[in-house]
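**Student:** Pasting in a structure now, in structure tokens, and then I'll have a few things to ask.
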Amino acid sequence: MTDDAARSLTDYNRPSVAVDAVILTVQHDRLCVAVMGEETKERRLPGGFVHDGETLATALNRVLDAKIGLALPRLEQLHVFDAPKRDPRGWVMSVAHVAVVNERALETARGISLLPLPLMASALDQKTLGLDFDHDDMVWMAVDHVRESYGREPDPWGVLEVFTLADLRQLHLAIDRNTAERDTFRRTMEPLLVDTQQLSSGSVGRPSRLWRRPSPDERAKLVARAATPSSRSKLSEERKSSRPRSLEFERILALMKQQGLGEKEAMDFYQSLRSQRRSSRELSLERAFSRAESLEISPDRTEISPAYRPQFAVRVRWVSGEEVKHENLRERDANRIYDELIREFTSSDFAPTSDHPVWIEMTDESRDRVRFEELPPPGWG
């Protein structure tokens with residue numbers, strides 16, 4: 001049996017230690033990572049080896065300055081990647097760091113390019129970026145870490161300085177496509193921001209309030225205030241919690257869970273559906289989901305629709321009793337055809353020779369009327 005206490009440090013094999021930086025930014029509303037190397041080969045994250053007597057932070061700052069000419073005010077240690085064969089050159093352990101910066105901060109950097117990341121991919125998706133070593137794993141771990149932080153508070157990395165809530169949500173949406181809908185996002189983030197008492201300028205439409213991130217002291221006060229709701233909001237929450245959930249929401253939640261989504265996503269989507277209802281004449285979107293057997297979700301998960309779509313029909317009744325039918329239509333197509341026929345039949349240019357339309361209706365798959373209108377005879381009025 002060997003007595004380890006009697007051995008010196010030089011008696012042990014030691015790995016080389018490296019540092020790598022996952023530098024994320026948003027360009028053209030897409031989350032990107034800064035990489036070195038050619039477009040088709042030898043692409044890797046900026047990094048290098050730790051020299052004798054250096055701390056990790058000192059080594060990383062030296063490497064970034066030497067290789068890409070960049071100094072970052074904030075770098076956060078992410079994870080130690082220690083697979084024995086991660087580097088074909090030998091036994092190398094790497095300490096990965098992450099930073100999120102404004103795109104302007106990279107304008108003076110040299111030898112890097114911005115690689116756009118798939119919209120909804122994560123470390124669990126095993127998406128291949130084609131980077132050397134295990135740098136793909138570093139990127140996806142950093143992305144998951146950053147997305148989690150942006151889900152808790154507004155722009156925690158300070159990418160924006162002064163901004164509107166729309167600007168802030170656009171940034172969060174570029175980083176995480178699962179960002180809450182506009183109203184939910186505003187209710188969540190606004191209590192954690194400081195109003196600058198200024199309005200935006202130079203944009204189309206009504207000016208919007210400008211906000212900024214709070215200082216550490218301001219943030220502590222805002223968090224404490226947000227965690228202590230008023231008596232009115234407490235009563236509102238109690239009333240909400242006592243309400244029975246609608247059958248439509250329960251159905252949407254069940255379908256969402258089949259796709260690996262949770263209750264928060266289901267509630268946000270359900271609320272957005274309700275806000276999209278423009279008139280009582282339209283078939284409720286919730287009803288469509290209540291009959292759906294599954295969901296159709298776009299690759300970037302920005303569009304969700306029921307896989308089962310109700311079949312609509314548009315019918316025109318003429319004086320002669322003849323009916324013209326347009327059947328097996330999706331809702332939007334039925335609405336379009338209905339509106340086109342209304343415009344045609346009520347136009348001053350429409351003059352049938354003998355027969356003329358009496359009414360037009362739009363029905364759902366149960367033959368329930370969704371829209372209906374009686375048509376005046378030609379020349380009326």
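**Student:** Any idea what diffusion coefficient the range 15-152 gets from Stokes-Einstein, in µm²/s, Kirkwood Rh on alpha carbon pairs, 20 °C, 1.002 mPa s?
**Tutor:** For the chosen part, D equals 141 µm²/s.
**Student:** Suppose every K and R has +1 on its Cβ and every D and E has -1 on its Cβ; what is the size of the dipole of the range 162-228 about the Cα centre, in Debye to the nearest 20?
**Tutor:** 60 debye
**Student:** Additional query: Mean 1/r over all different Cα pairs, inverted: what Kirkwood radius does the range 162-228 give, in Å?
**Tutor:** By the Kirkwood definition, the hydrodynamic radius is 12.9 Å.
**Student:** A follow-up question, please. Give a quick list of chymotrypsin sites (Phe, Trp or Tyr not before Pro) in the range 8-105 that DSSP marks as loop, anything other than H, G, I, E or B, with at most 14 other Cβ atoms within 10 Å.
**Tutor:** Answer by residue number: 12, 91.
**Student:** Could you work out how far apart the two model spin labels at residue 328 and residue 107 are, taking each label as a point 7 Å from the Cα in the direction of the beta carbon, and quote it in nm?
**Tutor:** Distance between label points: 5.8 nm.
**Student:** Given the Cα-Cα distance of residue 369 and residue 16 and 0.36 nm per residue of separation, how much length would full extension add, in nm?
**Tutor:** Taking residue 369 through residue 16 to full extension adds about 119.7 nm, to one decimal.
**Student:** Stokes-Einstein D for the range 312-374 at 4 °C, 1.567 mPa s, Kirkwood Rh over Cα pairs, in µm²/s?
**Tutor:** 108 µm²/s
**Student:** By count of other Cβ within 10 Å, fewest leading, how are 132, 82 ordered?
**Tutor:** 82, 132
**Student:** Sorted from fewest to most neighbouring beta carbons within 10 Å, what does the list 139, 101 look like?
**Tutor:** Going from least to most buried by this count: 101, 139.
**Student:** Relative to the present Cα-Cα distance, how much length would full extension add between residue 339 and residue 170 at 0.36 nm per residue of separation?
**Tutor:** This chain segment gains 57.4 nm when fully extended.
**Student:** For a footprinting-style exposure proxy, rank 337, 23 by other Cβ within 10 Å, fewest first.
**Tutor:** Ordered from fewest to most neighbouring Cβ atoms within 10 Å, 337, 23 come out as 337, 23.
Each value in this text was obtained by applying a stated rule to the coordinates, not by laboratory testing. The structure presented is a predicted model; accordingly, all values stated were derived computationally and were not measured. Cβ: placed from backbone, ideal geometry, glycine included. Neighbour counts: every protein chain shown.
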